[in-house]
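Everything below concerns the one structure shown next.
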Amino acid sequence: MPRRARAAALAVLTATAVLTSGCGGNSTAAALHDRLLAVADLPAGWSAVPVNPGSVQTSAPCLSSLATNPKGFMYATAAFVQGTAIPTLSEVLAAGPQVQQRWQNLAQALALCRTATLTIGGTKVKATVRPLPFPRVASTSSAYAWGFTIAGIQIGFDLILFETGTYAGYLAYSDLGPPAATVQAFADAAVAKAETGATAPVPDEVSITSAPVRTARTTLGTVAYRIVGSGPPLVMITGYSGTMEGWDRRFVDALAQHYRVVIFDNAGVGQTQALPAPLSIDEMANQTSALIAVLGLNHPDILGWSMGSMIAQALAVLHPDQVRRLILCASYPGNGTAIQPSQQAIHALTSGDPHQAMADLFPADQAAAQNTYLTAISSYPAAPAAPVGTVTAQGHAVDQWWAGRDPAGTQIAAITAPTLIAESSANRVAIVFGPEDFGLTNLEIAQCQRLITIPTAPDYPSLNLAQAVIVVAYELMLAAGVARAPMEAGEFASASEVDAMHRRLAEALVAIGFLPEDNPDHLMLTLRAMLGRSGVRPRELDILNGIARQVRWVAEDGAATLAAKRASGRKLR
């Protein structure tokens, strides 16, 4: 078993072991199995796996008060996995005269747990435990979040305890990092099955990996795709030799919390129809456009990775009305100025050897990230790799793009859609400014991959060099997440203090004849509004009170004193 699958399979065993080690009782209750979740109740891509709690032991001080071999109830267990590794789902269901007391004791013990030790194949792993805020799913329920790391992969699972009628149970849903919010759908189904012996199937589209592969009949042939989430549409275009099963489901599922995400196979991959030879980036962009039209996405955001970013750029050139915003990851320009990967790197991607391909994509010191990624994509149902002939044709199309011989690639400077290039964090990027008097020449512009346009007022359309540099530098600062200097903090003066200051100021202005004595409120209302808009802080209040007192003093009897001080050369204050 590959390392990634082995690590994830241990997570299944661990989750089950935690459940059964706290359970005890008699596990021969066949009648309980009919009220456990089954594969038919779960989304597509889930399968049953054996329960083998003996391979993992759980030790935690908080559980020491529980009886080792309690009597008075029976239990049944089930475990499932999506794809070949993770996420996993484990369930225990129990019944008997002592089951409610046992579950209450366990809930009280788990509420005090903060750490536990898991022994997996002789290796001890430290786990963290904490209470988990979770909607009630039965007459009584509680939830706890467990987390640990194995083979550099962070595993988390949510443990849901519930009591309903004469039954009590646990549900453990494990995943990479903190489990997704979709665990509630599984918990609701488990409770319903325990209560009635039946449940509506958990919805398919709780994750991109369980979303079914669909086909769209477009003007450029059939295109296979998956769709998940709700919100504005986001189309994700995969890269060279890739399939849609290469998208990390954690990434896609996170986006699906805010977007209606569409992933699909490029021409000649999976169930997507091949295009006539010679294959080109532009034709793949046209097929993507046809998919967007058939699905009625209208004006989606477009995210492209590697070769997919070339297709995304061509789409923005050829079909600008179908692109709202553009996100380019690991991208290359099509104007002949691209710095191409080495032949060794290209060979690694086309060798068919997954170890070479992963070494090409992940630095040597990122083994944990590589293991996590491989585990994440193993959640998809098995799908064939891109055919060798298709990969070869893609390579020729990419070569044409790099060489500046792709028609759309030579026009990327005309792209008007707002564009994010996810590249600069790992690569050096230069922003080129021309001389003050005549700017960049056409030849110099041709060597650039993107052009920056700074919006200006129609009456003053031109910026000098210093202005352009400072605007660009400011935008770069914002994009880098550099915090701006905070505005002055502090409390405002109280309303009663400001009102007293207004009265002093009115009296002073009346004393010097600025305000009429019989109707000072007319102008004071304007002054009050002016000061109210800016807010008055304590220090500012002191200054305004001082001004009012000084004005009134001068108006009443201080003018002669000031004149004498000035005549003698003395300081006025």
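Taking the Cα atoms only, what angle lies between the long axis of helix 281-294 and the longest principal axis of the chain, rounded to 10 degrees? It works out to around 90 degrees. Applied to the stretch 332-337, the Karplus parametrisation 6.51 cos²θ - 1.76 cosθ + 1.60 on θ = phi - 60° returns per-residue 3J(HN,Hα) values of 9, x, x, 9, x, 10 Hz, with x for Gly and Pro. For T218, the residues whose amide H sits under 5 Å from its own are V223, ignoring neighbours fewer than 5 places away on the same chain, with H placed 1.01 Å from N. Fully extending the segment from S494 to L361 would add 41.8 nm, taking 0.36 nm per residue of separation and subtracting the current Cα-Cα distance.
For the stretch 246-259, backbone phi angles converted through the Karplus equation (6.51, -1.76, 1.60; θ = phi - 60°) give residue-by-residue couplings of x, 6, 4, 4, 5, 5, 5, 5, 5, 5, 5, 5, 10, 10 Hz, Gly and Pro being listed as x. Here the gap between A368 and Q154, fully extended at 0.36 nm per residue and compared with their Cα-Cα distance, gives a gain of 76.1 nm.
Between C62 and L465, the simple spin-label model (points 7 angstrom out along Cα→Cβ) gives 6.5 nm. Taking a Cβ cut-off of under 12 Å around L465, the surrounding Lys, Arg, Asp and Glu residues balance to a net charge of -2, with basic ones at +1 and acidic ones at -1.
The T140 and L451 beta-carbon pair, evaluated with R₀ = 60 Å, returns a calculated FRET efficiency of approximately 0.45. For K565, a cut-off of 18 angstrom between C-alpha atoms picks up these aspartates and glutamates, skipping any fewer than 8 places away in its own chain: E556, D557. With each label modelled as a point 7 angstrom along the Cα→C-beta vector, the T215-A567 pair spans 10.8 nm. Secondary-structure-derived ellipticity at 222 nm for the chain, considering helices only, amounts to -11000 deg cm²/dmol, per-run term -39500 (n - 2.57) for DSSP H runs with n ≥ 4.
Longest stretch of the chain clear of exposed loop sites (GluC sites (Glu not before Pro), DSSP loop, at most 16 other Cβ atoms within 10 Å, sites excluded): 1-422. With r defined as the distance between the Cβ atoms of R528 and R325 and R0 fixed at 41 Å, what FRET efficiency is calculated, to the nearest 0.05? The computed FRET efficiency comes out at 0.35.
Note on the chain: Cα Rg divided by 2.2 N^0.38 Å, N the number of residues, gives 1.39. The long axis of helix 307-318 is offset from the longest Cα principal axis of the chain by roughly 50 degrees. Note that the stretch 189-195 has calculated 3J(HN,Hα) couplings of 5, 5, 5, 4, 5, 5, 6 Hz, one per residue in order, obtained from phi through the Karplus relation 6.51 cos²θ - 1.76 cosθ + 1.60 (θ = phi - 60°); glycine and proline are x. Full extension of the chain segment joining R549 with D437 gains 34.6 nm, where the gain is 0.36 nm per residue of separation less the Cα-Cα distance. The simple Förster model, with R0 at 25 Å and r as the Cβ-Cβ distance, assigns A44 and Q271 a FRET efficiency of 0.95. Annotation for A382 and L112: the two label points, set 7 Å from Cα along the Cα-Cβ direction, are 4.9 nm apart. Each Cα pair under 8 Å and six or more residues apart adds its sequence gap; the mean of these over the residue count of the chain is a relative contact order of 11 percent.
The numbers here are math on the coordinates, done by the rules we state, and not lab data. Everything quoted here is computed from the prediction, not taken from an experiment. Quick reminder, even Gly has a Cβ in these numbers, built from the backbone with ideal geometry, and neighbours come from all protein chains shown.
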